[in-house]
1. Any chance region 189-207 includes a residue that's at pLDDT below 90, of a type in the set (Gly, Ala, Ser) and either open to solvent by 20 Å² or more (accessible area, probe 1.4 Å) or out of contact with any Leu (no Cβ under 7 Å at 6 or more places or on another chain) (or both)?
2. From the residues in region 249-259 that are farther than 28 Å from Thr187 by Cα and assigned to a loop (DSSP other than H, G, I, E, B), which one is least open to solvent (accessible area, probe 1.4 Å)?
3. Looking only at region 213-248, which residues are open to solvent by less than 50 Å² (accessible area, probe 1.4 Å), more than 26 Å from Phe95 (Cα to Cα) and in contact (Cβ under 8 Å) with a residue 24 or more places away in the chain?
4. Condition first: out of contact with any Asp or Glu (no Cβ under 9 Å at 6 or more places or on another chain), within 16 Å of Arg52 (Cα to Cα) and part of a loop (DSSP other than H, G, I, E, B). Can you find one or more residues in region 159-167 that meet it?
5. Please indicate, with yes or no, whether at least one residue in region 110-117 is under 19 Å from Glu133 (Cβ atoms), at pLDDT 95 or above and part of a strand (DSSP E or B).
6. Of the residues Arg203, Arg210, only one is in contact (Cβ under 8 Å) with a residue 24 or more places away in the chain, over 16 Å from the mean Cα position of the chain (by Cα) and under 18 Å from Ala80 (Cβ atoms); which?
7. Out of everything in region 38-91 that is open to solvent by 10 Å² or more (accessible area, probe 1.4 Å) and in contact with a Lys or Arg (Cβ under 8 Å, 6 or more places away or on another chain), what residue ends up being farthest from Gln177 (Cα to Cα)?
8. Determine whether Gly167 is touching a residue at least 24 places away in the same chain (Cβ under 8 Å) and in contact with a Gly (Cβ under 7 Å, 6 or more places away or on another chain).
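The values are calculated or read from the model by the stated rules, or taken from the named source; none is laboratory data. Model, not experiment: these values are computed from the prediction. When we count neighbours, we look across all protein chains shown, and the Cβ atoms used for this are built from the backbone with ideal geometry, even at glycine. Heavy atoms of the whole protein, side chains included, go into the accessibility calculation; ligands, DNA and RNA do not. Shrake-Rupley method; radii C 1.70, N 1.55, O 1.52, S 1.80 Å.
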Amino acid sequence: MDLTAAPRTREAPALLSLAAGDGGRPLLTYCDDATGERVDLPAAALGEWTARTANLLVDGCGLLPGDRAAVLLPPHWQTAAVLLGAWSAGVSVAFHPLATAGLPRIGAGSDLPVDATFVARDRVDNWLEDVPEADHRFVLGLASGGAPLGEVPDGYRDYVTEVRAHGDSLPPYASVQPTDAATVDGTSYREWATLAREIAELRGIRAGDRVLVETAEHEHPVKWLLAPLFVGASVILCANLEPGTADARARTEGATLVF
């Protein structure tokens, strides 16, 4: 997807199509060695989750292009759906990595008010966290198989339950301009696209690659999500991978590159 070209609608699904390749091959694979969970998502499946998230924000929450969402989530297939869904709806994102929990947040716009919050269940009650207030707050249990939470904290709605109530195709929302802010600090879609391509070039990621990413090493989505997808690669996200086993796992998974 060329964000430096003419304005387009539904930017995130266009991004997904870049890395679709073989329709039967997973675009995003998520593995958690601690739980044994494995999820393989082809582009169409991730696109459906993306569309449902966009519909949740627009139809369910009434958000408009230029509104803001805070994301306090780890590298995960549901996080990809949240981010891509927000960007599809023209909603800018404030990403709050766990590494900054309890520390002052760095960067202009990081403390601006937000309209929606997506937060992992284990960060809701963490005393180190300062979860942003928002009119619409969603909690993600990140359970195996996308199961909903059994008990939802007060003041929150379960993301999985809510998102499944919305359609899996995108209506023609307002166009996303390359110069629009993708993140609340004002960084545009064009600027993130440029950075993602630079990271991919630096790491040697090319179209058709299958990139294994250790989640503990790369928390920011520009690395584990945007850089591979922007150049047409697919991603294998590995959580709780035993130290020193990345190369062996890469061979097992058919990965062409370890990030």
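1. Going residue by residue through region 189-207, those that are at pLDDT below 90 are none.
Checked against the condition, which is being at pLDDT below 90, of a type in the set (Gly, Ala, Ser) and either open to solvent by 20 Å² or more (accessible area, probe 1.4 Å) or out of contact with any Leu (no Cβ under 7 Å at 6 or more places or on another chain) (or both), region 189-207 yields no hits at all.
2. Going through the qualifying residues, I end up with Ala255.
3. Scanning region 213-248 gives a single hit, Ala246.
4. Going residue by residue through region 159-167, those that are out of contact with any Asp or Glu (no Cβ under 9 Å at 6 or more places or on another chain) are 159-165.
Right, trim to within 16 Å of Arg52 (Cα to Cα) and you get 159-165.
Now restrict to residues that are part of a loop (DSSP other than H, G, I, E, B): 164-165.
Checked against the condition, which is being out of contact with any Asp or Glu (no Cβ under 9 Å at 6 or more places or on another chain), within 16 Å of Arg52 (Cα to Cα) and part of a loop (DSSP other than H, G, I, E, B), region 159-167 yields at least one hit.
5. Within region 110-117, the subset under 19 Å from Glu133 (Cβ atoms) is 110-117.
Cutting the leftovers down to at pLDDT 95 or above gives us 114-117.
Filter once more, keeping what is part of a strand (DSSP E or B): 116-117.
Yes, because at least one residue in region 110-117 is under 19 Å from Glu133 (Cβ atoms), at pLDDT 95 or above and part of a strand (DSSP E or B).
6. Values: Arg203 fails: under 18 Å from Ala80 (Cβ atoms).
So the residue among Arg203, Arg210 that is in contact (Cβ under 8 Å) with a residue 24 or more places away in the chain, over 16 Å from the mean Cα position of the chain (by Cα) and under 18 Å from Ala80 (Cβ atoms) is Arg210.
7. Pro42
8. Numbers: touching a residue at least 24 places away in the same chain (Cβ under 8 Å): yes; in contact with a Gly (Cβ under 7 Å, 6 or more places away or on another chain): no.
No.
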